[in-house]
Amino acid sequence: MFETYRIETIAPEDEGGGVVRRTFVRADSLEVVKERALRVLSRARVPQAKGPEVEAVRVLNGAGYEVFFVHARD
């Protein structure tokens, strides 16, 4: 059964913190969404990326609970 997840990129605290961008993803498993979140983080960290710097990515399920978090230093 498909569920809607929200992938949020988070800015560093010294740049004001907070959510930089939200992406909604429908998937049948959390593993698929984790892989997508890791790709989002890697693409946001390349030197050519536009917009504010991204320090972390988190995944929230449809109820709004955090189910996955990865920091750039991990």
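Throughout, read-outs are computed from the coordinates displayed, never taken from laboratory work. Bear in mind the structure is a predicted one, so any value in this text is a computation, not a measurement. FYI the Cβ positions are ideal-geometry reconstructions off the backbone, even for glycines, and counts take in every protein chain you see.
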Within region 1-22, take every residue that is under 9 Å from the mean Cα position of the chain (by Cα) and of a type in the set (D, E, K, R) and give me the one that is surrounded by the fewest Cβ atoms within 10 Å (Cβ to Cβ). ARG22
Within region 37-70, which residues are basic (Lys, Arg) and touching a strand residue (DSSP E or B) at 6+ places or on another chain (Cβ under 6 Å)? ARG58
The listed residue being under 13 Å from the mean Cα position of the chain (by Cα) and more than 18 Å from THR4 (Cβ to Cβ), out of ALA72, ALA49: ALA72
Quick one: which strands (runs of 3 or more DSSP E) lie wholly within the chain and hold at least 2 residues that are of a type in the set (Phe, Trp, Tyr) and at negative phi? 66-71
